[in-house]
Amino acid sequence: MPESNCRTAIYPGTFDPPTSGHLDILSEAALLFNRVVAGVGINPGKLPLFAIEERVEMLRETVAAKSMGGVEVAAFEGLTVDFARACGAAFIVRGLRAVTDFEHELGLVLANEQLDDGIKTVFIMPSHRYLYLSSSIVRQAAEVGRRIIPGSVPASVEARLRARFGF
Ligand code: ADP
């Protein structure tokens, strides 16, 4: 494996919107790898609240605000393994929360291994504060309750949620 590949990872996701849990994983990944590309995916199975451009902007603003070195943000369409190759990455980083994530993630690992066995998936567990935090919980609190769960999202995401739902 070329040396450059050993140092680059992608962190793919929908990030609709990015949460403090995503940021926790990203900052841990930045400690493990020289370069981490957060890949904001276009998922045909999910109708997102935020457009792909907005999700990329929110992540970029947060990465800049937190001065995370070696972290880039890009949009991607298509297979995760192809995006990893395009980034020169040999690793996919995923977050693992409660047990409910495990089965879904195992399926993805097995599929990605069949598609490209040169790319390995690395799991990072978040701080206990974020174990049950998800983008969908954040969306529901904002949409249904016009509330922000304290500490759940970075400032730029909170501003966009408030603007979107008018509170
Ligand atoms: P996807 O549709 O690919 O699951 P998400 O944006 O929901 O996209 O999640 C991207 C990655 O971040 C996944 O690996 C997911 O398990 C992880 N993740 C999401 N929320 C958290 C959290 N609160 N703590 C740790 N990892 C998380």
Which value in nm describes the separation of the simple spin-label points at LEU31 and ALA111, placed 7 Å from the Cα toward the beta carbon? 3.1 nm
Qualifying trypsin sites (Lys or Arg not before Pro) for segment 1-66 [loop in DSSP, other Cβ within 10 Å: at most 16]: LYS46, LYS66
Which loop-located trypsin sites (Lys or Arg not before Pro) does segment 70-167 contain, where loop means any DSSP state but H, G, I, E or B and the Cβ has at most 15 other Cβ atoms within 10 Å? ARG146, ARG147
Per-residue ellipticity at 222 nm attributable to helices in the chain (runs of n ≥ 4 DSSP H, -39500 (n - 2.57) apiece, nearest 500 deg cm²/dmol) works out to -14000 deg cm²/dmol
Return the tail of the calculated pair distribution for the chain, meaning the percent of Cα-Cα pairs more than 27 Å apart. 21 percent
Taking the chain and dividing mean pair separation by its residue count, relative contact order in percent (alpha carbons under 8 Å, at least six apart): 30 percent
Show the residues, 5+ positions off or on another chain, whose built amide H is closer than 5 Å to the amide H of TYR11. VAL37, ALA38, GLY39, VAL93
Taking 0.36 nm per intervening residue step and subtracting the Cα-Cα distance, what contour gain separates SER127 from GLU77 on full extension? 15.1 nm
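Here, each number is a calculation from the coordinates, and none is a lab measurement. This is a predicted model, so every value here is computed, not measured. Reconstructed Cβ throughout: ideal geometry from the backbone, glycine too, with neighbour counts over all protein chains shown.
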